[in-house]
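The values are calculated or read from the model by the stated rules, or taken from the named source; none is laboratory data. Please read these numbers as outputs of a predicted model, since none were measured by experiment. Virtual Cβ from ideal backbone geometry, glycine too; neighbours counted across all protein chains shown. Surface accessibility is based on the protein's heavy atoms, side chains included, excluding ligands, DNA and RNA. Shrake-Rupley method; radii C 1.70, N 1.55, O 1.52, S 1.80 Å.
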Amino acid sequence: MSLEFTCREARLAIGGDPLELSAELREHLSTCAACTRFRAETLALDGRLRAALELPLAEFRGKAAPPARRFALAASVVLALLIGGGAWLFRPQPALASELVEHVEHEPDSWQAHDPVSPEALAAVLAKAGVRYDPRFPVTYASPCPFRGHIVPHLIVQTDRGPLTIMLLAHVKSEAAGEFAEGEYRGIVLPAGDGSVAVIAHKGQEFDGALKGVLEGVR
């Protein structure tokens, strides 16, 4: 890794442990508002997960809970995660589109990446999100990003029609494909198993022919 962090390297380091700051990462954060915001979001997510998992379990540390209480304990963890993640579970589809576009706008440099991401770096990003993806197009950007209370892979793939942003949303259920257009971007959210895949492009860019290849890589 170079002595001077790129945004991609910084976000991989933050995703691995947001509390650990190397000298190189500190220097990068001092001049990069986007990565500083990314770290703040990751720390907030980490705090919510710790609070949801540790506080209920402390009550039963050292002894087994009765079956009914174990069910209530599991429910309390889920409830805490939902409260920590926010009321977004009940927002309509337009809200999802706005959040996706806002997220992409916070990482404008991702579109400028042209060097292929190594298989090891891509695997590390996917592992942080607990998903599998076998890309059919060259991946030139890969970052584990906080989104709606979860870590999701944010990828840029290079197609013959230009670069596309792909976000693998394993926690966002979509019953049917839904297209959207907002600001400088257009995109589509596609059902994929128990989750969904968001594909985003600049307005005026054709990407329909690439959708089959995008979905074929989802596992």
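Here is how the numbers come out for the structure above:
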read-out	value
Residue under evaluation residue 109, criteria (1) under 19 Å from residue 7 (Cβ atoms); (2) modelled with pLDDT of 90 or more; (3) open to solvent by 70 Å² or more (accessible area, probe 1.4 Å), criterion not met	(2)
Top-ranked residue of segment 16-42 - restricted to ones that are under 19 Å from residue 126 (Cα atoms) and open to solvent by 30 Å² or more (accessible area, probe 1.4 Å), ranked as modelled with the lowest pLDDT	16
Selection from segment 2-12 of residues that are among the hydrophobic types (A, V, I, L, M, F, W, C) and modelled with pLDDT under 80	3, 5, 12
Residue ID - nearest to the chain's Cα centre (by Cα), chosen from residues in segment 189-219 that are part of a helix (DSSP H, G or I) and in contact (Cβ under 8 Å) with a residue 60 or more places away in the chain	214
Odd one out for residue 149, checked against (1) touching a residue at least 60 places away in the same chain (Cβ under 8 Å); (2) out of contact with any Leu (no Cβ under 7 Å at 6 or more places or on another chain); (3) within 15 Å of residue 95 (Cβ to Cβ); (4) not hydrophobic (A, V, I, L, M, F, W, C)	(2)
Residues located in segment 136-156, provided they are more than 9 Å from the chain's Cα centre (by Cα) and open to solvent by 30 Å² or more (accessible area, probe 1.4 Å)	136, 137, 138
Cβ pairs under 8 Å, 6+ apart, first in segment 90-114 and hydroxyl-bearing (Ser, Thr, Tyr), second at pLDDT 85 or above and not in a loop (DSSP other than H, G, I, E, B)	98/182; 110/104; 110/141; 110/143; 110/154; 110/156; 110/165
Qualifying positions in segment 131-188 - aromatic (Phe, Trp, Tyr), over 27 Å from residue 18 (Cα atoms) and assigned to a strand (DSSP E or B)	180, 185
Number of the exception - residue 133 against (1) closer than 25 Å to residue 43 by Cβ; (2) touching a residue at least 24 places away in the same chain (Cβ under 8 Å); (3) open to solvent by less than 20 Å² (accessible area, probe 1.4 Å); (4) of a type outside the set (Asp, Glu)	(1)
Qualifying positions in segment 172-186 - at pLDDT 90 or above and either open to solvent by 20 Å² or more (accessible area, probe 1.4 Å) or within 18 Å of the chain's Cα centre (by Cα) (or both)	184, 186
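Listed here are the residues, each with its yes/no results for (1) at pLDDT below 90; (2) closer than 21 Å to residue 190 by Cβ.
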residue	(1), (2)
71	yes, no
76	yes, no
93	yes, yes
99	no, yes
103	no, yes
126	no, yes
141	no, yes
152	no, yes
159	no, yes
